[in-house]
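For reference, the structure is listed below as structure tokens.
The values are calculated or read from the model by the stated rules, or taken from the named source; none is laboratory data. Small disclaimer: the values here were computed from a predicted structure and weren't measured. Note that each Cβ is placed from the backbone with ideal geometry, even for glycine, and that neighbours are counted across all protein chains shown. Side chains are part of the model used for accessible areas, which takes the heavy atoms of the whole protein and leaves out ligands, DNA and RNA. Shrake-Rupley method; radii C 1.70, N 1.55, O 1.52, S 1.80 Å.
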Amino acid sequence: MKITESPAQPQPDILALPNQLAIAGRAQNTLTLNRLGPLTPEASRPSSPYAPPVNYDGLSWPSVGTKERLEATPEEAAARLEKLSGAIRTLLECIGEDPTREGLLDTPTRYAKAMLHFTKGYQDNLRVIVNNAVFAEDHDEMVIVKDIEVFSMCEHHLVPFTGKIHIGYIPKGKVLGLSKFARIAEMFARRLQLQERLTRQVAMAIEAILSPLGVAVVMESSHLCMVMRGVEKTTATTITSSMLGAFRKSTKTREEFMHLVSFGRYL
């Protein structure tokens, strides 16, 4: 019996990738991105037009800077605490309370210290947080750190919002120590914030540190400004996301990330 060999199948030209890869500046990672699945059409998820640079000294947008607080002498720090305590005494008087009664006597100082702790992220910076914990590693699969608890303050009403943040990235020759993701989230959360801005700041910081193939950040939280006042809806949850690089370009990559983040949650 004569055996007829099957004709060799033509091999795909790995260099003939869609134009989106060139636009994303990832031509040197052709093979990796080719595995990420079909790309979302460029017009449907264009790059964000608003992408201010990450300031490694920590005075990131939109604050004009808190360097004086960071570099304050003990005398200046004490004066700042007393000034803030005086403002709280005025607040107590304005709502009809007596700041001299026993239960409120030390409340202005206690709250002033608490507020400085709530906003301690203004005194942190990426350079110190990262602390050279960036390592060369030949890993090009998705890395996810999820369920990071965050506590922040709504800048509109100065009441808390709390929740969890999930971070994923695809390395490009460099990885970051896992604890640093929680520290980065904490740095940006401990400021007067909007959830939308907080989500994007975390994503942009990781992109600036690692220059990975892509970064994905999803945050879900409950806002006391919706629970204690206004519409007073105790079960409402807000979810925000920021997708950069491959996560923004590839539908399949986004879906994989969202699946892994939610894995086991509804079992």
Residue in the range 176-211 that is farthest from F247 (Cα to Cα), counting only those that are open to solvent by 30 Å² or more (accessible area, probe 1.4 Å) and hydrophobic (A, V, I, L, M, F, W, C):
L192
Would you tally the residues in the range 199-220 being out of contact with any Ser or Thr (no Cβ under 6 Å at 6 or more places or on another chain) and either closer than 17 Å to V145 by Cβ or not assigned by the TED database to the domain that holds I144 (or both)?
13
Suppose we filter K233, K180, K164 for residues that are in the same structural domain as V145 (by the TED database), touching a residue at least 24 places away in the same chain (Cβ under 8 Å) and not in a strand (DSSP E or B); which single one remains?
K180
Residues that are under 20 Å from E155 (Cα atoms) and among the aliphatic types (A, V, I, L, M): find the helices (runs of 4 or more DSSP H) completely inside the range 67-133 holding 3 or more of those.
74-94, 107-118
